[in-house]
1. How fast does the stretch 32-113 diffuse by Stokes-Einstein, in µm²/s, taking the Kirkwood radius from C-alpha pairs at 20 °C and 1.002 mPa s?
2. Listing 183, 148, 206 from the residue with the fewest other Cβ atoms within 10 Å to the one with the most, what is the order?
3. So how tilted is helix 211-224 from the main axis of the chain? Cα-based, degrees 0 to 90, rounded to 10.
4. Report the Stokes-Einstein translational diffusion coefficient (µm² s⁻¹, integer) for the stretch 1-144, Rh taken as the Kirkwood radius over Cα pairs, at 10 °C with viscosity 1.306 mPa s.
5. Compute log10 of I(q)/I(0) for the stretch 1-71 with the Debye formula, placing one identical point scatterer on every Cα and leaving out solvent, at q = 0.12, 0.13, 0.15 Å⁻¹, to two decimals.
6. Once a ≥ b ≥ c are taken as the square roots of the eigenvalues of the Cα gyration tensor of the stretch 91-130, is the result rounded (a/c under 1.5), prolate (a/b larger than b/c) or oblate (a/b not larger than b/c)?
7. Sort out for me the Cα centre separation of the stretch 83-113 from the stretch 24-76, rounded to whole Å.
8. Taking 0.36 nm per residue of separation and subtracting the Cα-Cα distance, what length does fully extending residue 7 through residue 205 add?
Amino acid sequence: MCWKVLNLNGADLAGADLRGAAISTALLDGVDFTKAQLGGARLVGCVLDDAKLDGVDLRGTILDQTSFERASLVDANLTEVSVVKASFNGASLSRAKLLRAKAHHAQFDGAILDGADLRDLAGVATSFDGASAKKALFDQATLTRATMDGADLRQASFRNADMSHVYAEHAKLDHADLRDANMFSMHIHRASIDGWQIDGANTQHMERTDADVARAEDFQRRTKS
């Protein structure tokens with residue numbers, strides 16, 4: 001099955017068996033794919049903004065440069081997918097499985113990833129700015145040059161993850177597990193880190209909040225209010 005340049009906005013494809021389908025540059029805004037079977041499919045350059053993909057099986061799919069903005073992928077299985085340069089901004093991915101996914105340069109800004117499983121994810125220069133990933137698993141993930149500014153990462157696990165050159169300024173890292181992680185040159189300016197675990201982590205050149213800078217910022221904020 002091969003679909004190209006289709007407009008299926010708002011279509012009901014709940015429970016459909018689309019395994020192995022090739023869909024490119026299709027407009028699928030608001031489509032209901034709930035519990036559909038899409039394993040091994042190719043959806044490249046498509047628009048699935050506001051789509052419903054709760055519980056969908058997307059294992060092994062190619063989703064490069066596809067937009068899932070504000071889509072719902074709660075409990076979706078995205079194991080070993082390729083989402084290079086894809087956008088999940090504002091999407092709901094609670095408890096989703098993204099094990100061994102290829103997510104280089106993908107965007108998850110403002111997304112909900114609470115309880116998601118992203119172990120072994122390859123996400124160089126991936127953006128998680130403002131995302132919520134409480135209790136999410138990032139163990140062994142490659143997150144070099146990723147951005148997590150303002151992200152809520154409380155109780156998330158990053159054991160043995162490569163977080164070198166990651167920007168996580170103003171992030172919430174309270175009770176996060178970063179044991180044995182590579183935090184080389186990681187930026188955590190004004191991040192909250194109460195109870196975090198960094199035993200065995202490489203913290204060389206990690207940049208944390210300078211006390212004088214923090215006081216200056218607080219003073220400036222007060223004078224503006």
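Just so it is clear, none of the values below were taken in a lab; they were calculated from the coordinates. Note that the structure is predicted; figures quoted are calculated from it, not measured. All Cβ positions, glycine included, derive from the backbone under ideal geometry; neighbour counts span all protein chains shown.
1. 182 µm²/s
2. 206, 183, 148
3. Between the helix axis and the principal axis of the chain, the angle is about 70 degrees.
4. Reported coefficient: 111 µm²/s.
5. -0.23, -0.28, -0.38
6. oblate
7. Taking the Cα centre of the stretch 24-76 as reference, the centre of the stretch 83-113 is 12 Å away.
8. 66.3 nm
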